[in-house]
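Engineer: This is the structure I want to talk about, given as structure tokens.
The values are calculated or read from the model by the stated rules, or taken from the named source; none is laboratory data. In this text, all values refer to a predicted model and were calculated from it rather than measured experimentally. As a convention, Cβ positions derive from the backbone with ideal geometry for all residues, glycine included, and neighbour counts pool all protein chains shown. The protein model used for the area step is the full one, side chains on, heavy atoms only, and it has no ligands, DNA or RNA in it. Shrake-Rupley method; radii C 1.70, N 1.55, O 1.52, S 1.80 Å.
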Protein chains: 4
Amino acid sequence: MTTMISDSTIQAIRDFTEERGWAQFHSPANLAKSISIEAAELLECYQWVPEAPAAETGRAQEELADVLTYCIMMADALEVDLDDIIMHKLAKTKRKYPVTAVRDNFEEYEARHLEARKLHGNAK
Amino acid sequence: MTTMISDSTIQAIRDFTEERGWAQFHSPANLAKSISIEAAELLECYQWVPEAPAAETGRAQEELADVLTYCIMMADALEVDLDDIIMHKLAKTKRKYPVTAVRDNFEEYEARHLEARKLHGNAK
Amino acid sequence: MTTMISDSTIQAIRDFTEERGWAQFHSPANLAKSISIEAAELLECYQWVPEAPAAETGRAQEELADVLTYCIMMADALEVDLDDIIMHKLAKTKRKYPVTAVRDNFEEYEARHLEARKLHGNAK
Amino acid sequence: MTTMISDSTIQAIRDFTEERGWAQFHSPANLAKSISIEAAELLECYQWVPEAPAAETGRAQEELADVLTYCIMMADALEVDLDDIIMHKLAKTKRKYPVTAVRDNFEEYEARHLEARKLHGNAK
């Protein structure tokens, strides 16, 4: 089971950026692009197969690490706290999908998810 | 400045999944898709403009939270430790871009980055 | 100015797939992943800079070609006609953004686009 | 079976942009972001399930149309011809995956694909 992302890890990422003078490139827009790019490299491990081949286990871990690293840089760029934004959004998602409504009921999940999509789709 | 993602936040995400019986959907492949989907929603805040409009600051934070939440679920699915994979990859990236080579030298960064791309491009 | 994608190009893509026996891998879900992966490789050309470096002009063209190729394969997998779906969606988008409302008025575009996002964001 | 994307469809997309005065927003970088964003909306149809639910067939078609529309705009922005770049890249891909090597041999495909990834992974 995974455990926390520690302050020392976050500091190591900041030091990495600082030492190279790369903060100038880390606008929110550039970091958003970077997160999408690394997310797609992670997805590539599962492009044709449901499970990443054994030879690529390490690759999936590295791509996931890349996504997380850019997310941490983005939190710094947006000046938000990771725990805060995760817990804030989780509270909202819980309200959207109450346990009593969606447990053992994929259709109800779909309906609530599709509801959002339809609104989105109509307007867009 | 952001601080750690705490054990209690990670546990809250696990409880959320468990209570809804959703672990069955959280294969690495499905989570990889989910990370890409949420990353693109974050990118959408910067689609036409370098800075997200003020009215959307909250949206960018929520989309970043979504990416992080799926990353934490993915670490559980892959049975890896977040701190471990981030620090392991950071060590590798440091070796690729030594401070003395790339500081104040975007061209050298580009060359090292392009090197990877060219190999990739040739073979692919 | 670009011109049409011709029937012979579409046939060449079909022959490529057929000769290799790869139709078995071309489920809509796998092709959707592939389109996202190639789209991100295209995005990578613009990760840190607004314009792709001259040395990478060729790369941007190749990545765009990859996205298009998978899109054509997807149209076959979904058994839809490219011209039909593009013109059908364009008609819908025209209704969403009438010329009189959005011309020289980025704020009105944003409002109509944000409207969709807000509905989406609330429900999701 | 799908047929060509006709000149009249491409012209309709150009007219749409022109009438709204939107060419100013269609830099290659912005269009690359847009392609990724729409690709992820297409992927969302297959987020948890291998097949899009029947209720969403129309949505998958519309999202595919969005990806294609931005690709056509991008070809204009890059001043390249769609048929040319697709056929040029296809020739390269054919050389990478000769029929005699990869037909009925997913492992050989994987090896050639992994080869690219490894080079990419090492350098990156």
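Engineer: Looking at the stretch C:24-69, which GluC sites (Glu not before Pro) are in a loop (DSSP not H, G, I, E or B) and have at most 13 other Cβ atoms within 10 Å?
Structural biologist: Hits after loop and neighbour filter: C:Glu51.
Engineer: Let me ask something additional. In the structure shown, do any of C:Lys33/D:Lys33; A:Lys33/D:Lys33; A:Lys96/D:Lys33 have a Cα-Cα gap over 18 Å, and if so which?
Structural biologist: Details: C:Lys33/D:Lys33 16 Å; A:Lys33/D:Lys33 7 Å; A:Lys96/D:Lys33 29 Å.
Checking Cα-Cα distances, A:Lys96/D:Lys33 exceed 18 Å.
Engineer: Return an integer: the convex hull volume of the alpha-carbon atoms of the protein assembly as shown, in Å³ per residue. Please list the in-between numbers first.
Structural biologist: Values: hull volume 65.7 nm³, N = 496.
Once divided by residue count, the hull of the protein assembly as shown is 132 Å³.
Engineer: Label position 7 Å from Cα toward Cβ: report the copy-to-copy distances for C:Pro53 in nm, one decimal, ordered from shortest.
Structural biologist: 3.1, 3.6, 4.7
Engineer: Right, next: How big is the D/C interface in buried accessible area, both sides summed, 1.4 Å probe, to the nearest 100 Å²? Mind showing how you got there, number by number?
Structural biologist: Numbers: alone 10070 and 10050 Å², together 13560 Å².
Between D and C, the summed buried area is about 6500 Å².
Engineer: So what are the ³J(HN,Hα) numbers for the stretch C:48-61, from phi and the Karplus equation (6.51, -1.76, 1.60; θ = phi - 60°), rounded to whole Hz, Gly and Pro as x?
Structural biologist: Karplus values, whole Hz, x for Gly and Pro: 10, 10, x, 10, 5, x, 3, 4, 10, 3, x, 5, 4, 4.
Engineer: List the pair-distance distribution P(r) of chain B, using every Cα-Cα distance, as the percent of pairs falling in each 5 Å bin from 0 up to the bin containing the longest distance, rounded to whole percents.
Structural biologist: Bins of 5 Å from zero give 2, 8, 12, 14, 15, 18, 16, 8, 4, 1, 0 percent of pairs.
Engineer: A further question follows. Among B:Ala101, B:Ala75, B:Ala91, which one shows the highest mean-square fluctuation when chain B is modelled as a Gaussian network with alpha-carbon springs under 10 Å?
Structural biologist: Ranking B:Ala101, B:Ala75, B:Ala91 by mean-square fluctuation puts B:Ala101 first.
Engineer: While we're looking at this one, here's another question. Would you please give the FRET efficiency between B:Asp15 and C:Ala91, computed as 1/(1 + (r/R0)^6) with r the Cβ-Cβ distance and R0 = 51 Å, to the nearest 0.05?
Structural biologist: On the way: r = 46 Å, r/R0 = 0.91.
The value I calculate is 0.65.
Engineer: Let me ask something else. Could you tell me the calculated FRET efficiency between A:Ser27 and B:Ala55, based on Cβ-Cβ distance and R0 = 25 angstrom, to the nearest 0.05? Walk me through the numbers before you get to the answer.
Structural biologist: Details: r = 19 Å, r/R0 = 0.75.
Given R0 = 25 Å and the Cβ-Cβ separation, E is 0.85.
Engineer: Explain nothing, just compute: Karplus ³J(HN,Hα) = 6.51 cos²θ - 1.76 cosθ + 1.60, θ = phi - 60°, for every residue of the stretch B:82-93 in order, whole Hz, x for Gly and Pro.
Structural biologist: Calculated HN-Hα couplings, in order: 4, 4, 4, 5, 5, 5, 5, 6, 4, 4, 5, 5 Hz.
Engineer: Mind listing the long-range amide H neighbours of B:Ile5? Cut-off is under 5 Å, sequence gap 5 or more, other chains count too, H placed in the peptide plane at 1.01 Å from N.
Structural biologist: A:Ile5
Engineer: Which whole-Hz ³J(HN,Hα) couplings does the stretch C:29-37 yield from phi under the Karplus relation 6.51 cos²θ - 1.76 cosθ + 1.60, θ = phi - 60°, glycine and proline marked x?
Structural biologist: The phi angles translate into 5, 5, 6, 4, 4, 4, 5, 4, 5 Hz.
Engineer: Another one. Need one value: the accessible area of B:Asp76 in square angstrom, 1.4 angstrom probe, rounded to the nearest 10.
Structural biologist: 40 Å²
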